[in-house]
Each structure stands twice: as structure tokens, then as C-alpha cells.
Amino acid sequence: MNAKEIYERLESVFQDVFDDSGIRLTGFTTADDIEDWDSIEHITLISAVEDEFKMRFSMGEVSGMKNVGEMVNLIMERGK
Amino acid sequence: MRELEYPFEAAYILKKKRSLKKKLLSDGTARVKKKIAVLGGSTTSDIVSVLELFLLDSGIEAEFYQSEYAQYWQDAVFGNPVLDSFEPDLIFIHTTYRNLDAALNVRMTRQEADAVLEERYSRLEQMWSALDRKFRCPIIQNNFELPFFRLMGSREAYDYRGTVNLITRLNMKLYDYAAEHESFYINDINWLSAAYGLDKWFDLKYWYLYKYAMSLEAVPEYAFQTANIIKSVFGRNKKCIAVDLDNTMWGGIVGDDGAENLEIGQETGTAQAYYEFQQYIKSYKDLGIVLTVCSKNEEENALAGLSHPEGAVSPEDFTLIKANWLPKDRNISDIAQELNILPEAIVFCDDNPAEREIVRSQLAGAAVPEIGEVTDYIRILDRSGFFEVTSLSEDDLKRNEMYKANIARANSLARFESYEDYLLSLEMTAEIQPFKPVYIQRITQLTNKSNQFNFTTKRYTQTEIEDISKNEKYVTLYGKLADKFGDNGVVSVIIGEKNGDTLTIELWLMSCRVLKRDMELAMLDALAAAAAEQGISRLVGVYIPTAKNKMVKDFYPDVLGFSPLCANSQGVTSWELDISGYENKNKVIKVN
């Protein structure tokens, strides 16, 4: 799995969760950039991402993620 | 909506909840509005948003109050202005094992463990009484699920020092309270978490990170079960099941294989599976669910299959048997018509995906579960919650006989010269009286499920009906109707509010199974008499249109002789009747 493919799949998960087909992701995207991304939706989002990539993040990973770039890196690490 | 029918894909619902909600809200369905207070002992946000979807899907548009994090007990016992002014129609207390703080240890004496149990229970009871005093509305309370670890292993179950033991005993106390209190319902998460699997249910990451008492993946199952109770409380249950026969009720095709070669009974594994399913369907009858058949078959073959000596059912168990070659959607809509119910009150159960698709696409509203293989049938019907029982009245137990008697009446109609002759031949007797405690449950049930003959479609909780029956301001009447074919039980309800010399009819409904029997005239006679006795000279009736009550749109003027009073742009009309010198209209029913 390369980064481009991960970004595409992530983007579609984000679009589903926030019901907004206009969402575009970069490595620097954070919760501040997406209006509905609050602590509650964060839970749904993480679980939808886990589901999409068939992997589970640990507690530490979930609390440590700072932006989408870190999320992509984690997914790439796991995919190796 | 297919995505929200059991068995559903939990992750999909969670991910798409926003767009699902949008879709449901824009589908043009008319929904009842309800206010639901969710008092949480842990995080409730996703629970509420998924619950909202399931309720929308069953015709309930809910507005929610949610406690601040884990403030359920404080909200209930001490109140809070937001909750107080919210005036909920229903309260759902979302508590779990996490709120128990069991605090047992193996050095405790029996007395000390009992004291923990009593203390935990009395905290709950204090909360329920406070809520009941203040809000007088239905309460749904979770029981407690088992813990995710067992310090003493299996001994936890039977040793008073075990948390498993404590939870089991506490749950029994909850059930005793529920048995003694109407409008108090237990949400059995002890069963649900077991069915889901405790290891999966307790995904501790969700507790430590987000304070969810269960895994996020389990939330849709939990919300679905809760929604089923709410649906049932608000009268949205299904009323009838229509089953296919070949490969649904037995293995094989009766027309090809012959009744003697069907797989049903105890001989093979497959035969046993169908037998258990037949038993399950048959036991619906005792809950007041109407059993019918909808099968592509020659009728004689269908009857031969249903009469199979090894089977659990017999033809007499079914109120209607549609065995013919018409499209199934036609048969289902005929069943609805003959039983005087709406298609959306019917569950259609067929092993054949093509038949399911036809009914689903041609007949809006009918429930068509994806029942899978014969080994799935019971589980899927059962878990779908179509018939979730929240109250079980005498009438429910007799319902199948009542529908059968109705069909016998329809058959005898053909032999009479005039309709009045026919009505007289029924030898009808009615009991029309002010509300009595024994009928309060049935009256409440009727106010929540009658849609067609219902002038205002006002819904009431049991507590409201109790209050009204004791309030001097109101004139109340229930009507029971019996005839030579059987007793229909309580079929009509009127609530009128007094205001000077006027009585305004705020509720008048009648069960459709007694349409065209002049029961409405007998009710009006009784209402006029009761009103006159209290010095009232004028009745005012109101009609509030809904998608389902067109039947009574012109009933006040056309049948009951009321004169127009006013009308507004929403189609709400008011009518009046001067009752000085009122003459009884009913000539065919003997009253009281």
C-alpha cells in the first residue's frame, strides 16, 4: 500500500463520516480544518478508519495522532 | 430502510449516520414527534445518534435531552432546569456495570454483601420514584450486564462475595420493581451483551479513551434493542405475520413432492429445524399476533401441508390463508384489507429473495426481513423486534379469535336482505362506561395505535389516561362490543373536556375491526347522555387530518349530524352538535 492509495481511501472515509464530498486531505489536515471534527466524531472517525484498513490502533496511537500525516504513516507502518 | 433492518452492518451505520439521517428526514414520511430524555451513566452521544436513526426508520421523530457526562442520578434525583422544562415523553436510563461500583471483597460477611446490594438498589429506586413523581412518563431502565472479569472464576456466580452473584441478585430486584410498576420497562442488556459476546462487548479501549461502557461496534445493536422497546411503547409494533409455506414452513414443495414427503417433524435435522420454526410461529398467536399464510400454491395442497401430522401448526392457527397464484404483494395487501390493518403492520416471511423483492418494491411499508436459511429464521425474526412485548393485555391473548370471528361475520353478511337485518342478527351488546382501572392499559394501547378511525390522533401515556380518568374536567367513555360470534373487548374510546355548557371531544377513536357496526352511534348516544347529565348542551368535535385518518374526515357532518363551526388552512375542522332534545341514533346494539 502506497501513501497515495492510503490518502484516497482515507479521503473517502472522511467524506462518509462527515457527509461532505468536498473534503480533501493533506498530511497537515487536523481537526481544526474540518468543521464537524469534534471529540465525538473523532471516535466514529477512528473506528471507521480501523474498519477501512482492517487494523486496530492502540490506545497510545489514538491519543498521540496529531494530524492526518501521522495517521497515514501509522497505516503504512502496519501495512508492511 | 434496508441499511437499518436486522441483521444490519454496524460499522456502516456508524460511519454513515449523518447521510442516513438526512435520507430518512427527506423521504416524505409523516412521523410522530416524541421527546426522549437520555440519562446516561457514561457517554451517550453515538448511542443517541444511532437510536435516532432506528426511531426515524419506524416513524418516530425524536428530540433528545442528554445528561451531562454521567449525571444520570443527579439529574433524576435533584432535577435540573433544562430537563425539567424539556417535559420528556419517555426517559431512558443508560446505566451499565460501570455505574455499579460493586466494591465487594472476599473478606465481606453475608450481611455486608447484602448491605451493598440494598444500597445499590435503593439508589436506583430513589431515582425511579423521583422521575415518576416529576415526569409521569414511561421509563426504560437497563438491567446490568455481567462483568468482563471474574476474580474467583465460576465461583463468582454462586458465592455472595462474587460480583456476578451481586449483579444477578440486583437484576432480580429490578425485575420485581418492573413487575409492580406499569410503564416501567427493563432493557435487557444482560441478554444482549451475552448474545453479542462479553469479550467483544467490553472493548476496554472505548472505556478508557472515550468513556463508552461498551465497544462502539456494539452501539448499533444496543440502540436497536432500545429502539424496539420505544417503538412498542409508542404503539409502532407490527400486528400480523404472513408466512410463505414451501421451504419457509417446511422443507420441500408440497405441490410437487406431496404432503407426505415434506421435511417437517423429528425425522431429520432439516425436518427438526422447520418444526422448531413452526413452533415459534405458532407461539406468536398467544401474543395476539395474527397469523396468516401467503403462498403460491393450490389451496388444497397448502392445507394438506399445514395439516401434516408431524407439523407444529394446523390450518386453524391461521386467520387467513392466501394460497393462490396471484402476485404476493396483491395477497399481502388483500390480507391488510380483510383484517382492516395497514400493510405496514404486516411482516412478510419468505425464503425466496425474488418474492421478498416484489413485496418490498410494490408494497411500501410492509416489513420484509432477510430471513436467511432455515437455521436463521427464528433468530432473525426474533431479533428484528417486530413484536417487542411491552404490555400483554387480555385482548392480545384473544386477538386471533376476534379476527376469525370477524371473518365469520363477513361470510354471514351475504345471507341478509338488508344491512340492518344483518346487524340485528349479530345480537350485539355493548358496555359503554367511564374509564375503569381494569381497562386503563387497553385504553392507552388503543390511543397509541389507532390511526384510521381517530379524529385527532392524540397519543397518551398510561399515566395521562389515569390522570384524565380521575379529573372532573373530563368526560370519558370506553366501549366494549360483543356479539354472537365473540367478544371484541374494548374497541372505542372518547375523551371530552368540559368548558361551561360545551364538551369538546379531544379524542375519539375506534378500532377498525368494528367498523360499520353502528358502534359509533352507540358511543355518541352514551356521550350525549353523559354530557346532558352534567349540564352540557353542546358537543364540539374536531378533526385533525393525518396521512391515515381520511376515513373520518366528514364523519361528524355526514354520519353524526354535526354542523360546521370552523376550519383552518391545515385542514383542521371543528363541528358542533346541540344535544338538547337529543334522540338516540343506535338501533341495533343493546347497551349496558
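A short reminder: the numbers here are calculations on the coordinates, not readings from a lab. In this text the structure is predicted, and so the values were computed from the model without any measurement. Glycine gets a Cβ as well: all are built from the backbone with ideal geometry, and neighbour counts include every protein chain shown.
Worth pointing out:
- Beta bridges per DSSP, both residues in chain B: antiparallel share near 45 percent.
- Each residue of region B:448-465 was assigned a 3J(HN,Hα) from its phi angle through the Karplus curve 6.51 cos²θ - 1.76 cosθ + 1.60 (θ = phi - 60°); the sequence is 8, 10, 7, 10, 8, 8, 7, 5, 10, 6, 6, 9, 10, 8, 4, 5, 4, 5 Hz, with glycine and proline shown as x.
- Per-peptide packing, taken as the mean over residues of other Cβ atoms within 10 Å, places B:237-248, B:478-489, B:333-344 in the sequence B:237-248, B:478-489, B:333-344 from highest down.
- Highest-first arrangement of B:214-227, B:514-527, where packing means the average Cβ count within 10 Å: B:214-227, B:514-527
- Simple point charges give the picture: +1 on the Cβ of Lys and Arg, -1 on the Cβ of Asp and Glu, and for the protein assembly as shown a dipole about the Cα centre of about 1140 debye.
- Per the Debye calculation on region B:419-591 with a single equal scatterer at every Cα and no solvent contribution, log₁₀ I(q)/I(0) for q = 0.18, 0.20 Å⁻¹ amounts to -1.22, -1.51.
- Cross-linked pairs B:LYS238/B:LYS322; B:LYS282/B:LYS398; B:LYS238/B:LYS484; B:LYS322/B:LYS480; B:LYS173/B:LYS200: Cα-Cα separations exceed 23 Å for B:LYS238/B:LYS484; B:LYS322/B:LYS480; B:LYS173/B:LYS200.
- The label-point distance for B:GLU119 and B:ASN592, in a model that sets each label 7 Å from Cα toward Cβ, rounds to 5.8 nm.
- In plain terms, the residue of A:MET65, A:MET59, B:MET108 with the fewest other Cβ atoms within 10 Å comes first and the most crowded comes last, giving A:MET59, B:MET108, A:MET65.
- Sites B:ASN499 and B:GLU394, calculated FRET efficiency, Cβ-Cβ separation with R0 35 Å, nearest 0.05: 0.50
- Charge dipole (region B:323-446, unit charges on Cβ, about Cα centre) - positive-most of B:PRO437, B:PRO343, B:PRO369: B:PRO437
- Each residue, B:ARG150 and B:GLU431, gets one label point 7 Å from its Cα in the Cβ direction; the gap between the two is 5.1 nm.
- Within-14-Å neighbourhood charge of B:ASN471 [Cβ basis; K, R +1; D, E -1]: -2
- For region B:53-99, the C-alpha radius of gyration divided by 2.2 N^0.38 Å, with N the number of residues, is 1.31.
- Just so you know, the Cα atoms of region B:240-384 work out to an Rg and Dmax of 13.9, 40 Å.
- Rounded, prolate or oblate (a/c below 1.5 giving rounded, otherwise prolate when a/b exceeds b/c) for the protein assembly as shown by Cα gyration tensor: prolate
- Using only the C-alpha atoms, the convex hull of region B:141-248 corresponds to 174 Å³ per residue.
- With θ taken as phi - 60° and the Karplus curve 6.51 cos²θ - 1.76 cosθ + 1.60 applied, the whole-hertz 3J(HN,Hα) list for region B:193-199 is 5, 5, 4, 6, x, 4, 5 Hz, x standing for glycine and proline.
- Ordering B:ASN568, B:GLN452, B:MET523 by Cα displacement along the dipole of region B:419-591 toward the positive end leaves B:GLN452 in first place; charges were set at the Cβ atoms of Lys, Arg (+1) and Asp, Glu (-1).
- Calculated P(r) tail over 26 Å for region B:298-455, as whole % of Cα pairs: 42
- Considering only region B:490-546, percent of DSSP beta bridges that pair antiparallel, nearest 5: 65
- Ordering A:PHE18, A:ASN67, A:PHE57 by the projection of their Cα atoms onto the charge dipole of region A:10-70, which places +1 on the Cβ of Lys and Arg and -1 on the Cβ of Asp and Glu, puts A:PHE57 at the extreme positive end.
- Basic side chains Lys and Arg get +1 at the Cβ, acidic Asp and Glu get -1 at the Cβ, and with that the dipole of chain B about its Cα centre reaches some 1700 debye.
- Note on A:16-23: average number of Cβ atoms from other chains within 10 Å of each residue's Cβ is 3.
- Take each residue of peptide B:41-53, count the partner chain Cβ atoms within 10 Å of its Cβ, and average: the result is 1.
- Residues in region B:367-382 carry Karplus couplings, in order, of 7, 10, x, 7, 7, x, 8, 4, 6, 9, 3, 5, 4, 6, 4, 5 Hz; the curve used is 6.51 cos²θ - 1.76 cosθ + 1.60 with θ = phi - 60°, and Gly or Pro positions show x.
- Applying 0.36 nm per residue to the separation of B:ASP578 and B:TYR419 and subtracting their alpha-carbon distance, the gain on full extension is 54.4 nm.
- According to the Kirkwood relation over distinct C-alpha pairs, the hydrodynamic radius of region B:2-233 is 18.5 Å.
- Per-residue shielding of A:48-54, expressed as the average number of other chain Cβ atoms within 10 Å of the residue Cβ, stands at 3.
- Estimated dipole of region A:3-79 in Debye, rounded to 20 [Cβ of Lys and Arg +1, of Asp and Glu -1, Cα centre]: 440
- Global size of region A:3-79 as Cα Rg and Dmax, reported in angstrom: 11.3, 30
- Chain B: C-alpha gyration tensor shape, a/c 1.5 cut-off, then a/b vs b/c: oblate
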